[in-house]
1. Here are some conditions: (1) over 31 Å from the mean Cα position of the chain (by Cα); (2) among the aliphatic types (A, V, I, L, M); (3) closer than 14 Å to K93 by Cα. M1 meets all but one. Which one does it not meet?
2. State yes or no: is K126 in contact with a strand residue (DSSP E or B) (Cβ under 6 Å, 6 or more places away or on another chain), closer than 24 Å to L172 by Cα and in contact (Cβ under 8 Å) with a residue 12 or more places away in the chain?
3. Do you know which residues across the stretch 236-275 are among the charged types (D, E, K, R) and in contact (Cβ under 8 Å) with a residue 60 or more places away in the chain?
4. Can you tell me which residue in the stretch 176-193 is nearest to Y251 (Cα to Cα), limited to those that are assigned to a loop (DSSP other than H, G, I, E, B) and not acidic (D, E)?
5. Considering the stretch 4-41 alone, what residues qualify as being in a helix (DSSP H, G or I) and among the hydroxyl-bearing types (S, T, Y)?
6. Here are the criteria: (1) buried (at least 19 other Cβ atoms within 10 Å of the Cβ); (2) within 20 Å of S267 (Cα to Cα); (3) more than 14 Å from the chain's Cα centre (by Cα). Tell me which single one S189 does not satisfy.
7. Go through (1) of a type in the set (A, V, I, L, M); (2) modelled with pLDDT of 85 or more; (3) surrounded by fewer than 18 Cβ atoms within 10 Å (Cβ to Cβ) one by one and return the number of the condition L264 breaks.
8. Residue check: is A173 assigned to a strand (DSSP E or B), among the hydrophobic types (A, V, I, L, M, F, W, C) and surrounded by fewer than 21 Cβ atoms within 10 Å (Cβ to Cβ)?
Amino acid sequence: MRFELYTEEKDDRPVFITGNFNNWNPKNYAFQLTKVDSFNYFIEIEDQILATEIEYKFTKGGWENVELDKHGKITPNRKVKKSDSKISDTVEKWRLNWGPFKEEYFPTAEVISEKFYIPQLDRYRKVWALLPYDYHTTDKRYPVLYLQDAQNLFNEGSGFGNWEIDKKLSILAEYGRGDVIIIAIEHGSEDRIKEYIFDNDNIANGSEGKKYIRFITDTLKPFVDENYRTRKDRENTGIGGSSLGALISIYSGFLYPEVYSKLLIFSPSLWAEPNNNFPMMNFRVPFKIKIYLYGGGQEGSKMVKRIHILKNI
């Protein structure tokens with residue numbers, strides 16, 4: 001079966017076809033289209049691998065670079081019958097690294113408090129809430145994800161990078177996913193290391209991680225549940241962060257599995273716990289915790305090795 005494609009935008013990135021014939025792999029080189037010129041492409045696919053009803057889309061090598069309509073909106077899956085011998089399609093626009101981002105789907109960022117009191121540490125901290133774009137127009141209740149290092153999550157110009165979670169949430173919302181409230185706690189600047197180290201005075205003299213975890217669990221979470229439309233149960237509560245923020249989030253999940261069912265762990269500072277001496281409570285009925293664990297091979301010579309060791313404990 002032959003698929004011919006005309007693209008209205010000049011874009012020299014290679015074009016791929018994906019669908020129910022290749023497990024929706026958006027960058028399968030066996031399904032890369034042949035380029036005729038800057039606007040025309042084609043591919044011939046053997047009939048025996050095609051279903052009777054074919055569903056497919058075109059990409060530039062990933063879902064972040066998928067086809068869009070002329071308004072920059074998501075297109076439905078294309079559908080044709082195997083009995084058609086030749087298909088001619090047109091793509092009007094392409095996504096580029098998930099852009100363009102739709103402002104109408106951006107979360108609403110609210111400052112819960114410029115100086116939220118931390119009784120466990122007798123100090124104050126700025127705390128944010130990122131609410132789903134439709135929070136104020138619905139009566140839905142939402143899961144909650146508590147994230148460390150708010151300065152690095154969505155503020156432009158951060159000295160240590162920017163997760164751009166506001167943009168990521170807008171993409172999820174555009175696809176009808178990502179209904180979640182993000183509670184972002186700013187780090188304590190000069191107190192950051194002490195607050196994110198659980199109990200290791202060799203790294204941080206006077207480590208305060210135990211108290212910081214109690215702040216989020218015993219003080220901040222009850223406040224959020226009282227003042228926002230949240231789903232309070234553990235199945236709808238997660239915690240996460242990166243670097244030392246990821247480390248303290250691991251401790252939070254292992255110490256309070258009855259509170260947190262999901263951990264978002266990016267580039268954890270496992271050098272601070274090389275022996276993985278994380279406290280794990282022994283319950284009669286063990287809690288199931290989902291952990292998203294991520295680290296890159298260029299983040300130091302031992303990052304990936306330590307992540308694999310943690311994964312297997």
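The values are calculated or read from the model by the stated rules, or taken from the named source; none is laboratory data. In this text the structure is predicted, and so the values were computed from the model without any measurement. So basically every Cβ, Gly included, is an ideal-geometry build from the backbone, and we count neighbours across all protein chains shown.
1. In the conditions (1) over 31 Å from the mean Cα position of the chain (by Cα); (2) among the aliphatic types (A, V, I, L, M); (3) closer than 14 Å to K93 by Cα, M1 misses (3) alone.
2. When the stated conditions are applied, K126 does not pass them.
3. Result: K262, E273.
4. Among residues in the stretch 176-193 that are assigned to a loop (DSSP other than H, G, I, E, B) and not acidic (D, E), the one nearest to Y251 (Cα to Cα) is H187.
5. Residue satisfying the conditions is Y29 alone.
6. Condition not satisfied by S189: (1).
7. Going through (1) of a type in the set (A, V, I, L, M); (2) modelled with pLDDT of 85 or more; (3) surrounded by fewer than 18 Cβ atoms within 10 Å (Cβ to Cβ) one by one, L264 breaks only (3).
8. When the stated conditions are applied, A173 does not pass them.
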